[in-house]
1. Of 18, 39, which residue is in the same structural domain as residue 158 (by TED's automatic domain parsing), part of a helix (DSSP H, G or I) and farther than 20 Å from residue 74 by Cα?
2. Among the numbered criteria (1) assigned by TED's automatic domain parsing to the domain that holds residue 178; (2) at pLDDT below 90; (3) surrounded by fewer than 12 Cβ atoms within 10 Å (Cβ to Cβ); (4) more than 29 Å from residue 146 (Cβ to Cβ), which single criterion is violated by residue 62?
3. Quick check on region 123-138: of everything there that is touching a residue at least 24 places away in the same chain (Cβ under 8 Å) and part of a loop (DSSP other than H, G, I, E, B), which residue is surrounded by the most Cβ atoms within 10 Å (Cβ to Cβ)?
4. So residue 333 passes all but one of these: (1) closer than 14 Å to residue 282 by Cα; (2) part of a helix (DSSP H, G or I). Which condition number does it fail?
5. Give me a count of the residues in region 94-122 that are assigned to a loop (DSSP other than H, G, I, E, B) and within 24 Å of residue 176 (Cα to Cα).
6. Which one of 50, 89, 43, 85 is over 22 Å from the mean Cα position of the chain (by Cα) and closer than 21 Å to residue 168 by Cβ?
7. Does any residue of region 197-214 turn out to be in contact with a strand residue (DSSP E or B) (Cβ under 6 Å, 6 or more places away or on another chain), free of Cβ contacts under 8 Å to residues at least 40 places away in the same chain, closer than 26 Å to residue 47 by Cα and surrounded by 13 or more Cβ atoms within 10 Å (Cβ to Cβ)?
8. Go through the residues of region 267-284 one by one and say whether even a single one is over 27 Å from the mean Cα position of the chain (by Cα), surrounded by 14 or more Cβ atoms within 10 Å (Cβ to Cβ) and in a helix (DSSP H, G or I).
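The values are calculated or read from the model by the stated rules, or taken from the named source; none is laboratory data. The structure presented is a predicted model; accordingly, all values stated were derived computationally and were not measured. Here Cβ is always computed from backbone atoms with ideal geometry, including for glycine, and neighbour counts include all displayed protein chains.
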């Protein structure tokens, strides 16, 4: 389990400072965009909290725990008796009894966290922690709890076992039971800046070129987990085409048509989804450096592109038409196009 957490120093300080207090809150809600690093942070923070309460000295004040520390060894082997990870399980029942590192790549997962999983977890609270003074429970994600599961968890949060800390991860906290939210201290995770994004991506993709990292930074919208979904897709050409539309326009529709044809097929679904992320990100980057006279047009294009990209997949809109429309928004910002209109 990596110690590489980027851009969340303030969140680490707030959580670990609370853990070092006399009466740390028993319920925490980590909220923020999906892929921003909430789950990785939760695992790292939980490991540090367990190490500090284990009786074995751990150096420093941050979230890192040396690999040779007993807590780090147990967690690396998915065998720490005081740490529990509650998440969706594979649909294949043969895999459900195995450790996570024994699963095959990308197994088909259940749609939700079942109530039996919550009950099995709470049954373990009948005994005291084994290796430290507390136990840590990470729920990734609380959004995946089915209704009976959420109600079962609520009962535990209302009467928490002594020494047990719950970390609930949520991408959409407004959908959680209000009673669950009210029993948790909220810790917000904002999207990363470009520097932290690049650091996180270089750590995850040490073989990637500088151009690939730069493209993934743009595609991730501050969420490394989201950017990593696009790794290996060769988005450099796609980025250059987007830039060409805003810099030179597309008077004869040739570039837009070629782009739409390339992205509309089923085989190009991943690149199409990357395009839906790259276009608003590119327009947002333009807005940050635009002169005041050009800014209103860019903001207007960004708002239209954002709304269109958010609706494209859920609404099952025609990919060809979506790419053409987004291409037209980009081309409308080209200097030649604006000069011709003037």
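1. Exactly one residue qualifies, and that residue is 18.
2. (3)
3. Ranking the candidates gives 132 first.
4. If we test residue 333 against (1) closer than 14 Å to residue 282 by Cα; (2) part of a helix (DSSP H, G or I), just (2) comes out false.
5. 4
6. Step by step, each of 50, 89, 43, 85 is checked, and only 50 is over 22 Å from the mean Cα position of the chain (by Cα) and closer than 21 Å to residue 168 by Cβ.
7. The answer is no, given that none of the residues of region 197-214 is in contact with a strand residue (DSSP E or B) (Cβ under 6 Å, 6 or more places away or on another chain), free of Cβ contacts under 8 Å to residues at least 40 places away in the same chain, closer than 26 Å to residue 47 by Cα and surrounded by 13 or more Cβ atoms within 10 Å (Cβ to Cβ).
8. no
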